[in-house]
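**Student:** Sharing a structure, written as structure tokens. Questions coming.
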Amino acid sequence: MKIGLPEPVTKIFCGFSYNLALLENKEVYGWGLNEQGILGSFNLNIFWKPVKISIDKRHRIKTISCGAL
């Protein structure tokens, strides 16, 4: 299934109601229910397509993980 990410994916993780993808360029994208703003947005919208998660440029992402609330 194509999910329309701008770069190749190195890791993908599934939580109870959301998903995260780590791209080769170390950007993180998420989609799903966004309960309690878990995808980093300031709203509780459901994201049916991947959205880039804003991460402070001072941090280097090595890995990601998901869980359940």
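**Student:** Out of the residues in the range 26-53 that are exposed (fewer than 10 other Cβ atoms within 10 Å of the Cβ) and part of a loop (DSSP other than H, G, I, E, B), which is modelled with the lowest pLDDT?
**Tutor:** Going through the range 26-53, the residues exposed (fewer than 10 other Cβ atoms within 10 Å of the Cβ) turn out to be 36, 42-43, 48-49.
From the residues that got through so far, the ones that are part of a loop (DSSP other than H, G, I, E, B) too are 42-43.
Details: Phe42: 74, Asn43: 78.
Looking at residues that are exposed (fewer than 10 other Cβ atoms within 10 Å of the Cβ) and part of a loop (DSSP other than H, G, I, E, B), I get Phe42.
**Student:** State yes or no: is Ala68 loosely packed, with under 10 Cβ neighbours inside 10 Å and among the small types (Gly, Ala, Ser)? Quick ask: steps written out before the conclusion?
**Tutor:** Details: loosely packed, with under 10 Cβ neighbours inside 10 Å: yes; among the small types (Gly, Ala, Ser): yes.
Yes.
**Student:** Do you know which residues across the range 10-25 are in contact with a strand residue (DSSP E or B) (Cβ under 7 Å, 6 or more places away or on another chain), closer than 17 Å to Ala68 by Cα and open to solvent by 30 Å² or more (accessible area, probe 1.4 Å)?
**Tutor:** Once the filter is applied, which keeps residues that are in contact with a strand residue (DSSP E or B) (Cβ under 7 Å, 6 or more places away or on another chain), closer than 17 Å to Ala68 by Cα and open to solvent by 30 Å² or more (accessible area, probe 1.4 Å), the range 10-25 yields Ile12, Phe13, Asn19.
**Student:** Something else: Give just the number: which of (1) within 10 Å of the chain's Cα centre (by Cα); (2) modelled with pLDDT of 90 or more; (3) assigned to a loop (DSSP other than H, G, I, E, B) does Cys66 not satisfy?
**Tutor:** The failed condition is (2).
**Student:** Do the conditions hold for Gly4, that is, is it exposed (fewer than 10 other Cβ atoms within 10 Å of the Cβ) and among the small types (Gly, Ala, Ser)? Spell out how you get there, then give the answer.
**Tutor:** Working: exposed (fewer than 10 other Cβ atoms within 10 Å of the Cβ): yes; among the small types (Gly, Ala, Ser): yes.
So Gly4 fits the description; yes.
**Student:** Give me the pairs, please: first residue somewhere in the range 1-22 and among the charged types (D, E, K, R), second residue anywhere and part of a loop (DSSP other than H, G, I, E, B), beta-carbon distance under 6 Å, and either six or more positions apart or on two chains.
**Tutor:** Glu7/Glu24; Glu7/Asn25
The values are calculated or read from the model by the stated rules, or taken from the named source; none is laboratory data. Not measured: the values here are computed from a predicted model. Please note: Cβ atoms are built from the backbone with ideal geometry, for glycine as well, and neighbour counts cover all protein chains shown. Quick note on the areas: whole protein, heavy atoms, side chains included, nothing else; ligands and nucleic acids left out. Shrake-Rupley method; radii C 1.70, N 1.55, O 1.52, S 1.80 Å.
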